[in-house]
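The values are calculated or read from the model by the stated rules, or taken from the named source; none is laboratory data. Small disclaimer: the values here were computed from a predicted structure and weren't measured. We place every Cβ from the backbone using ideal geometry, glycine too, and count neighbours over all the protein chains shown. Side chains are part of the model used for accessible areas, which takes the heavy atoms of the whole protein and leaves out ligands, DNA and RNA. Shrake-Rupley method; radii C 1.70, N 1.55, O 1.52, S 1.80 Å.
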Amino acid sequence: MITEILILVISFVILLSIGVPVAWSIGISCLVTILFSIESIAAFTTVAQRMATGLDSFSLLAIPFFILAGQIMNQGGIANRLIKFAKALIGSLPGGLIYVNVIAAMLFGAISGSAVAAASAIGGILGPHMERENYSKEFGAAINVTSSTTGLIIPPSNVLIVYSLASGGVSIASLFLAGYIPGILMGLGLMLVASVWIKKKKYPAGSKSSAKMIAVSFLDALPSLLLLVVVIGGIVSGIFTATEASGIAVLYTLILATIYREINLKKLYNIFLSSVGTTAIVLLLIATSMSMSWVMSFENIPQTVSDLLLGLSENKYVILIIINLLLLFVGTFMDMTPAILIFTPILLPVMQNLGVDPIHFGMIMVMNLCVGLCTPPVGAVLFIGVGVAKTTIQKVMKPLLPLYVVMFIVLLLVTYIPEISLWLPKLFE
């Protein structure tokens, strides 16, 4: 038992360290591990079968559709309209562009479901404005990076669909509802840190928007905002499933981008091409991770880890802090999708043994891994945010530290107050 765990972990780490892509590292380490238990032909066949079976899920169709919808939004002028609306609302406050960044990232991230898209779109549009008004480039990049992750918590979110798959079928609608309050709390926490920074730097107030400007910007952004109502409202009310909602999201955004005249045939071709590439990467990760889940189950690894953790302590709160620290560590070295697919089957049984609701644990896991997206050495959103701002990670780390602290505080609140995650799902039962 211990031998198989060591083989799986060591082979996976070695493959990653020599630069093998994550999906291939997962698949090869699974194969190497299972070869120690069954014959080679059976091992190859089993891994291939489990990869194919892992993709045989209707709910997985939602992922390519939401990816495509996100790409259309990113190119279709939606981010610009949301920023104008946020700026009209609060741009007149001292340091208002910082608040605009957070609110726009929450709105656009929630609509697109992509932290990377939010960081690149919002940072690309707001960055030059901040520079012209003498904002700190480094703090602007830091707030853009951290606020962009709120879109992975506030639905619709691809990672919550992936968690539903990895957990064995937790309701996607319930997970979507569970993300609202934690995501909003995260945004408010980041704005609190921003307010302290703004006061310290004595940023001036911006020009006040008239009621007419606010109304015009709201009407311009309203069709984009209605996408959230259509998608989430339809899922929660039972009109359509999450997969059907993803198809509706694509159709809606395509119509919207056509009306806005932001997308032509050439852009549309590139959007489809980019979406196919992203989808292929995500689905290969899912396939190999499903294979790894089967290997871990076959070798009884989840039960071994569960016994080990419960052997350290039977106190739920102690185990929760240990798992939080583990996931924070994992998030700094592994991208979110493979981390969810690999660690959910291992850690969820432990949580269920301690009476933690799978929906609550989903929020804990996603929020932990969101922190990892903002930290070196593999934080994808960190690299995007720094690249868009044309600065360096070294310069951004100092303003990032207080933002990490508030992210961790919100994480602890969500961890130890389950109702933050569970109140809305229970309300709509």
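Worth pointing out:
- Distant-in-sequence amide H partners of residue 57 (H built 1.01 Å from N, under 5 Å): none
- 3J(HN,Hα) couplings calculated from phi for the range 20-35 with the Karplus curve 6.51 cos²θ - 1.76 cosθ + 1.60 (θ = phi - 60°) are, in sequence order, 6, x, 4, 4, 5, 4, 5, x, 5, 5, 4, 4, 4, 5, 6, 5 Hz; Gly and Pro show x.
- In Hz, Karplus ³J(HN,Hα) per residue of the range 391-405 (6.51, -1.76, 1.60; θ = phi - 60°; x = Gly, Pro): 9, 10, 4, 4, 6, 7, 4, 4, x, 6, 4, x, 6, 4, 4
- Dipole of the chain [Lys/Arg +1, Asp/Glu -1 at C-beta], most positive-end residue of 424, 67, 150: 150
- The chain: angle of helix 358-373 to the longest principal axis, Cα-based, in degrees nearest 10: 70
- Look at the dipole of the range 221-356 built from charges on Cβ: of 233, 302, 268, the Cα furthest out on the positive end belongs to 268.
- The range 223-237 and the range 26-78 have Cα centres spaced 28 Å apart.
- Lys/Arg +1, Asp/Glu -1 at C-beta; the chain dipole; positive extreme among 124, 55, 400: 124
- Anchor residue 84: aspartates and glutamates whose Cα lies under 18 Å away (excluding residues fewer than 8 positions away in-chain): 131, 133, 220, 262
- FRET efficiency, residue 9 to residue 92 (Cβ-Cβ, R0 56 Å, nearest 0.05): 0.55
- Under 5 Å from the amide H of residue 93 lie the amide H atoms of 206, each residue being 5 or more positions distant or on a separate chain, with H modelled from the backbone and absent for Pro and chain starts.
- The range 65-78 - phi-based ³J(HN,Hα) in whole Hz, Karplus 6.51/-1.76/1.60, Gly and Pro as x: 5, 5, 4, 5, 4, x, 5, 5, 4, 5, 9, x, x, 6
- The modelled label-to-label distance for the pair residue 428/residue 188, using points 7 Å beyond Cα in the direction of Cβ, is 2.0 nm.
- In a reduced charge model with +1 at each Lys and Arg Cβ and -1 at each Asp and Glu Cβ, the chain shows a dipole moment near 2000 debye about its Cα centre.
- Residue 404 accessible area, 1.4 Å probe, all protein chains in place, Å² to nearest 10: 40
- Mean residue ellipticity, 222 nm, helices only, the chain: the sum of -39500 (n - 2.57) across DSSP H runs of n ≥ 4, divided by residue count and rounded to 500, is -27500 deg cm²/dmol.
- Accessible heavy-atom area order of 428, 361, highest first, probe of 1.4 Å: 428, 361
- Choice from 27, 123, 168 with maximal GNM fluctuation in the chain (Cα, 10 Å cutoff): 168
- Look at the alpha carbon pairs under 8 Å that are at least 6 residues apart: their mean separation over the length of the range 65-186 gives a relative contact order of 25 percent.
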